[in-house]
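Just so it is clear, none of the values below were taken in a lab; they were calculated from the coordinates. Here the structure is a predicted model, which is why all the values come from computation and not from measurement. Neighbour counts are summed over all protein chains in view; Cβ atoms, including those assigned to glycine, are modelled from backbone coordinates with ideal geometry.
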Amino acid sequence: MTASDQTQAANQMWGGRFAEGPDAIMTAINASIGFDKRLYAQDIAGSRAHAAMLAATGILNPTDADAIGEGLLTVLSEIEAGRFDFRADREDIHMNVEARLTEIVGEAGKRLHTARSRNDQVAVDFRLWVRDQCDAAIAGLTALMRAFVAQAAAGADWVMPGFTHLQTAQPVTWGHHMMAYVEMFARDRARFVDARARMNECPLGAAALAGTSFAIDREMTAAALGFDRPTANSLDSVSDRDFALEFLSAASICAMHLSRFAEELVIWSSAQFRFVRLSDRWTTGSSIMPQKKNPDAAELLRAKLGRILGATVALFTVMKGLPLTYSKDMQEDKEQAFDAADSLMLGLAAMTGMVGDMTANREALRAAAASGFSTATDLADWLVRRLGLPFREAHHVTGTLVAMAEKKGVDLPGLTLAEMQSVHAGITDEIFDVLGVENSVNSRMSYGGTAPVRVREQIARWQAALG
Ligand code: ARG
């Protein structure tokens, strides 16, 4: 092999000091193009902003800068038309784009990487991508919240059992239950909004790690890419992945919330509960049991947290203990984050569809609310309020009445006044007013309580906020 053959076999981008090219397995483990090609639009936008800045600061002549800007658009259209040859020997999206650019525009392409490194380049690309995912999550959550508010408004005063330990606890309203999820998803949305604001600083211009000796204008590239400002420390700029960790953490919490409602849907849509009917659009049949209508979308949503949290733990583990600044470990930041974001967006869309389409069974909800001694607390509260019993004593009297009703095979309103008076002589027939489920929910007027008037206030507040 001649010296020049050997140089050709080495990497075109960084192979100057290398006599040999990489082992095939080295190429396989080193290349990220298989997944980071997904960052092509961000990479090209970053490069275009960088080239325009190099021209504006006189670092690059305007002719070369124009050729680069145009050439990058050609690369973009090739990729979007599916005509781009992604090459593993060019490692990653950055070198694939730059090498192709140079094929198209010649010498000028080789000047693009002035005052830049792949370290700040990948940091800016990934940040732009994660920022877009925050926007998508915010939009997805807004749509989901609207779907829950619409469900709440349709049945603000419908009575259903509220559970603790999945045992009947107290009657609540359907609207109240739906609005509980609006609160959860609102906090999730706020986490993405916060994370987005914090990550919106531009690392481009940090170069490899130390900044650059060229008189670049970082304010200009930051503004061109929609960032609020450039990052303030070049070492941090190329090392930081906590923007992605924040996104993944917020995504995990959100997926956990999705899984909780998914589980409620699985329970509620069963023949034993019949609280809701899921539409045909969000269920599947069984190939053997003709009667089946399975809540597959809900079950998958219940499971999605597994991979989203998995991606979160994976990135924490990659980043833990890495010394400053960039290490190749950090190339492992992207693949699972992509998967987690895809899973989250799909999950949000599926849940929005399912919630929009589901039908609550008002009669089944009410019947369930009126069973299981759900108004026992109302009875105890009456004993406190009207007879002045200490709550603990009222609790005991009520417990005795529940046991009596259970033995008789009725719910609390099925006991006679005489039976009640045998447990506590002071009880009057006024007690029957508080044993009804409507009365129970109407009485829970405390701020944030389940009374329909309170629920309607919350619905109105959110309808105004969500537009
Ligand atoms: N493909 C790399 C990554 O995703 C890009 C940065 C490479 N930088 C370097 N110095 N090798 O992290």
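Quick notes on this one:
- Selection of helices (runs of 4 or more DSSP H) fully inside the stretch 1-119 by the criterion of at least 2 residues being within 14 Å of the ligand (Cβ to nearest atom) returns 24-30, 33-36, 40-56, 93-105.
- Pairs where the first residue, in the stretch 90-118, is under 19 Å from Leu39 (Cα atoms) and hydroxyl-bearing (Ser, Thr, Tyr) and the second is assigned to a helix (DSSP H, G or I) and near the ligand (Cβ under 10 Å from one of its atoms), C-beta under 9 Å, 6+ apart: Ser117/Val238
- Residue pairs meeting the criteria (Cβ under 6 Å; at least 6 apart or on separate chains; first among the basic types (Lys, Arg), in the stretch 215-243; second part of a strand (DSSP E or B)): Arg218/Pro230; Arg229/Glu201
- Pairs meeting the criteria (first residue in the stretch 183-204 and within 14 Å of Gln133 (Cβ to Cβ), second residue hydroxyl-bearing (Ser, Thr, Tyr) and part of a helix (DSSP H, G or I), beta carbons under 7 Å, at least 6 apart or on different chains) are Arg189/Thr142.
- Evaluation of Gly175 against the conditions (1) within 16 Å of the ligand (Cβ to nearest atom); (2) closer than 30 Å to Trp158 by Cα shows that the sole unmet condition is (1).
- Check on Asp381, charged (D, E, K, R), more than 28 Å from Phe273 (Cα to Cα) and out of contact with any helix residue (DSSP H, G or I) (no Cβ under 7 Å at 6 or more places or on another chain): yes
- Helices (runs of 4 or more DSSP H) within the stretch 199-287 that include 2 or more residues away from the ligand (no atom under 16 Å from the Cβ) and either of a type outside the set (Ser, Thr, Tyr) or in contact with a strand residue (DSSP E or B) (Cβ under 6 Å, 6 or more places away or on another chain) (or both): 218-224, 242-268
- Residues that are under 20 Å from Glu219 (Cβ atoms) and surrounded by fewer than 22 Cβ atoms within 10 Å (Cβ to Cβ), drawn from the stretch 97-118: Thr114, Ala115, Ser117
- Residue pairs meeting the criteria (Cβ under 6 Å; at least 6 apart or on separate chains; first within 23 Å of Val276 (Cα to Cα), in the stretch 133-149; second surrounded by 17 or more Cβ atoms within 10 Å (Cβ to Cβ) and among the polar types (S, T, N, Q)): Ala143/Thr352; Leu144/Thr352; Ala147/Thr352
- Restricting Ala65, Ala41, Ala56, Ala49 to residues that are closer than 16 Å to Lys110 by Cβ and either of a type outside the set (Val, Ile, Thr) or crowded, with 17+ Cβ neighbours inside 10 Å (or both) narrows the list to Ala65.
- So Val124, is it within 14 Å of the ligand (Cβ to nearest atom), part of a helix (DSSP H, G or I) and in contact with a Phe, Trp or Tyr (Cβ under 7 Å, 6 or more places away or on another chain): no
- Residues in the stretch 307-362 that are small (Gly, Ala, Ser), part of a helix (DSSP H, G or I), free of Cβ contacts under 8 Å to residues at least 40 places away in the same chain and within 16 Å of the ligand (Cβ to nearest atom): Ala314 alone.
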